[in-house]
1. Rounded to the nearest 0.05, what FRET efficiency is calculated for B:THR12 and B:GLU42 with R0 set to 25 Å and r the Cβ-Cβ distance?
2. Compute for chains A and B the buried accessible surface, both sides summed, probe 1.4 Å, and express it in Å² to the nearest 100.
3. Heavy atoms only, probe 1.4 angstrom, no DNA, RNA or ligands counted: give me A:PHE61, B:PHE34 ranked by accessible area, highest first.
4. Spit out the partnerless Cys residues in chain A, using Cβ distances under 4.7 Å as the pairing rule.
5. To the nearest whole number, what is the average tally of beta carbon atoms from other chains within 10 Å of the beta carbons of peptide B:38-47?
6. With a 10 Å cut-off between alpha carbons and a GNM built on chain B, which of B:PHE18, B:PHE97, B:PHE89 moves the most?
7. Please check the range A:75-115 for residues whose accessible area, probe 1.4 Å, is lower by 50 Å² or more when all protein chains are in place than in their chain alone.
8. Report the label-to-label distance for A:ASP64 and A:LYS7 in nanometres (one decimal), using points 7 Å from each Cα along the Cα→Cβ vector.
Amino acid sequence: SAVISQKPSRDICQRGTSLTIQCQVDSQVTMMFWYRQQPGQSLTLIATANQGSEATYESGFVIDKFPISRPNLTFSTLTVSNMSPEDSSIYLCSVEAERSYNEQFFGPGTRLTVL
Amino acid sequence: GDSVTQMEGPVTLSEEAFLTINCTYTATGYPSLFWYVQYPGEGLQLLLKATKADDKGSNKGFEATYRKETTSFHLEKGSVQVSDSAVYFCALRGGGFKTIFGAGTRLFVKA
């Protein structure tokens, strides 16, 4: 299994600013993902964070808006840039641990409100 | 592409009632199937899984059977409790690195 922490747990931000969300895992993992979950909705995959190389973004998400870093196998950050109220959402970090047979573990999420 | 369809919520039940949440999928090959649960204010956690046809996943009184002939993975529990109130997501993992999640079904259990 894997235990994941995220910081901050929630934030209220002004339009046009940026917020960086941190994800820390208690063990080394190969796969790390960032999701967005809008109120009452399912999860939308933003990108796969790749250690040592650029993240792989899903359709509709771009690096300029959601830059991601992954300096090692236990840590990643997601930045939400130039925020607008439409970015208000819960952002979830998720990992797939070694020998987990495709099971994913999720962080508690970061609840972002943009005014 | 791969997809998951699950019944819309919310589902409202009285305590000790029988629960079924329907889930069907479309996928090539032989995907692994999952049910995740999200309690209020928390991230998702795995509830149960099945990796091949006719497998039954079970946990905390919940069960789901991988039915390849009907491409279904319905979630059932014989007697729900108030503490089961949460959002339930059906999901599949095919040949790639992405897990496909259903829209989620919110369950309310009344005392």
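1. FRET efficiency, B:THR12 to B:GLU42: 0.75.
2. Values: alone 6250 and 6060 Å², together 10860 Å².
Heavy-atom accessible area buried at this interface is about 1500 Å².
3. A:PHE61, B:PHE34
4. Among the cysteines of chain A, those whose Cβ sits 4.7 Å or more from every other are A:CYS13.
5. Mean number of neighbouring Cβ atoms from other chains: 5.
6. Of B:PHE18, B:PHE97, B:PHE89, the Gaussian network model singles out B:PHE97 as fluctuating most.
7. A:ASN102, A:GLU103, A:GLN104, A:PHE106
8. The modelled label-to-label distance comes out at 3.1 nm.
The values are calculated or read from the model by the stated rules, or taken from the named source; none is laboratory data. Since the model is a prediction, treat every value here as computed from it, not as a measurement. Neighbour counts are summed over all protein chains in view; Cβ atoms, including those assigned to glycine, are modelled from backbone coordinates with ideal geometry. Heavy atoms of the whole protein, side chains included, go into the accessibility calculation; ligands, DNA and RNA do not. Shrake-Rupley method; radii C 1.70, N 1.55, O 1.52, S 1.80 Å.
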